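The values are calculated or read from the model by the stated rules, or taken from the named source; none is laboratory data. The structure displayed is predicted, hence computed values, not measured ones. Note that each Cβ is placed from the backbone with ideal geometry, even for glycine, and that neighbours are counted across all protein chains shown. Side chains included, ligands, DNA and RNA excluded: accessible areas come from the protein's heavy atoms. Shrake-Rupley method; radii C 1.70, N 1.55, O 1.52, S 1.80 Å.
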Amino acid sequence: MDMKKTMMKVGIMISLANGIVLGALFSSIGMAKSPAGIIPMGVLTSVLLSAVISVIVGLIIPMKIVTEKVNAKLGIDPARQKALACFVEGLVGDFIFTPILCTFFVFKNYFQHNLPPQVPIVPYWLKELGLDLLIALPITMIIVPLVRKQAFKILGVPAGRPPQERP
């Protein structure tokens, strides 16, 4: 298998894991604030929808390329500034995935009448987006490197890094 296909599979695995974790987290937080509380089937449905959306977004937006461009623009050398590069990677993922997932779930809840009719949708969305961005950043910073390392291991990428990135 060529490296491009391997890296695409790694990206799909990362998007899938990120979608599952963030979907479970966002739906649990949203449901915990509702009078009905956390509904396990609702969380499961949200996790599945979030996973599908995240994989689609991951296929459309080349996260690795976006992160590399942001690092280059900021003058960050990921090989020497690992913590800063991890933070930037988390921010990039957070600013791409979280608004999409938040918007989807807020409008899903709105159209399913899970929000009280007197709730203004835009302020509600902005409040949820702010909360989700804060929550998702540390989660993304933890999940992405762990899943990448496991994906490399599963797909047999030597030393946990693609050959073109090895010194």
Legend entry - Which numbered condition Pro123 misses (of (1) farther than 22 Å from Ile20 by Cβ; (2) open to solvent by less than 70 Å² (accessible area, probe 1.4 Å); (3) at pLDDT 90 or above): (2)
Legend entry - In the range 46-56, the residues that are touching a residue at least 40 places away in the same chain (Cβ under 8 Å) and either open to solvent by 90 Å² or more (accessible area, probe 1.4 Å) or of a type in the set (Ser, Thr, Tyr) (or both): Ser46, Ser50, Ser54
Inset, instruction - State whether one or more residues within the range 43-60 are outside any helix (DSSP H, G or I) and either touching a His at 6+ places or on another chain (Cβ under 9 Å) or not basic (Lys, Arg) (or both). - result: no
Legend entry - Odd one out for Gly37 among (1) open to solvent by less than 40 Å² (accessible area, probe 1.4 Å); (2) in a helix (DSSP H, G or I); (3) not aliphatic (A, V, I, L, M): (2)
Legend entry - Filter result for Ser27 (touching a helix residue (DSSP H, G or I) at 6+ places or on another chain (Cβ under 9 Å), crowded, with 16+ Cβ neighbours inside 10 Å, modelled with pLDDT of 90 or more and not hydrophobic (A, V, I, L, M, F, W, C)): no
Inset, instruction - Give me a count of the residues in the range 57-99 that are closer than 11 Å to Ser15 by Cβ and either open to solvent by less than 50 Å² (accessible area, probe 1.4 Å) or touching a Lys or Arg at 6+ places or on another chain (Cβ under 7 Å) (or both). - result: 7
Legend entry - Residue that is modelled with pLDDT of 90 or more, hydrophobic (A, V, I, L, M, F, W, C) and not in a helix (DSSP H, G or I), where the choices are Ile100, Ile96, Ile65, Ile76: Ile76
Inset, instruction - Answer with yes or no whether Phe107 is open to solvent by 50 Å² or more (accessible area, probe 1.4 Å), within 24 Å of Ser28 (Cα to Cα) and not in a loop (DSSP other than H, G, I, E, B). - result: yes
Legend entry - Condition check for Met13: under 15 Å from Phe97 (Cβ atoms), surrounded by 14 or more Cβ atoms within 10 Å (Cβ to Cβ) and touching a Leu at 6+ places or on another chain (Cβ under 9 Å): yes
